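> What follows is a single structure, and I will ask about it in a moment.
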Amino acid sequence: RLSRHLVVPNVQTGQLEPLLSRFTEEEEQQMKRMLQRMDVLAKKAKEAGVRLMIDAEQSYFQPAISRLTLEMQRRFNVDKPFIFNTFQCYLKDAYDNVTLDMELARREGWCFGAKLVRGAYMAQERVRAAEIGYEDPINPTYEATNAMYHRMKEIGL
């Protein structure tokens with residue numbers, strides 16, 4: 001089952017945990033179709049010699065998107081980057097996330113590809129964090145977001 005492969009690190013324990021406890025049969029089929037479509041898109045992009053940039057979403061969706069993007073990067077970014085993940089610099093953990101992914105690419109021997117953006121979901125992120133009761137994932141100011149953006153550019157992105 002695909003749901004067993006979608007794991008993310010728990011920030012408190014460092015252990016990998018399932019992103020979802022399990023998929024229904026319909027969700028499993030939807031996931032398979034999505035992966036097939038991603039594969040077709042990636043192959044076409046590589047054949048055409050163009051980049052495929054995977055956009056970022058809210059922080060609570062991003063682990064799944066990033067996981068799928070990393071898998072595509074492993075397969076297609078062998079000689080040069082074709083698949084790019086998007087990192088939102090308004091998130092406090094953006095630098096940690098990008099450096100972890102860069103190190104993974106270095107260790108595994110594939111070409112890392114990234115697009116940096118400042119971000120677009122600040123209001124939603126803050127409201128959700130307050131409603132659910134977790135730490136606000138957003139940098140406290142525009143200046144802090146800008147500093148994160150420039151810090152990430154300095155490491156070669």
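> For region 135-153, does any single residue satisfy the condition of being under 11 Å from the mean Cα position of the chain (by Cα) and free of Cβ contacts under 8 Å to residues at least 60 places away in the same chain?
No, there is no match, as no residue in region 135-153 is under 11 Å from the mean Cα position of the chain (by Cα) and free of Cβ contacts under 8 Å to residues at least 60 places away in the same chain.
> Scan region 119-145 residue by residue and report those that are within 19 Å of residue 87 (Cβ to Cβ), among the hydroxyl-bearing types (Ser, Thr, Tyr) and part of a loop (DSSP other than H, G, I, E, B).
121, 141
> Of all residues in region 117-156, how many are buried (at least 18 other Cβ atoms within 10 Å of the Cβ), of a type in the set (A, V, I, L, M, F, W, C) and under 13 Å from residue 95 (Cβ atoms)?
Final tally of qualifying residues: 2.
> Just give me the residues in region 41-56 being within 17 Å of the chain's Cα centre (by Cα) and surrounded by fewer than 14 Cβ atoms within 10 Å (Cβ to Cβ), in sequence order.
If the condition is that a residue be within 17 Å of the chain's Cα centre (by Cα) and surrounded by fewer than 14 Cβ atoms within 10 Å (Cβ to Cβ), then 55 is the only one that fits.
> When only residues in region 104-116 that are among the hydrophobic types (A, V, I, L, M, F, W, C) and touching a residue at least 40 places away in the same chain (Cβ under 8 Å) count, which is surrounded by the most Cβ atoms within 10 Å (Cβ to Cβ)?
By that ranking, first place goes to 114.
Laboratory data are not the source of any read-out in this text; all were calculated from the coordinates shown. If you're wondering where the values come from, they're calculated on a predicted model, not measured in any experiment. Note that we place each Cβ from the backbone using ideal geometry, even for glycine, and neighbour counts take in every protein chain shown.
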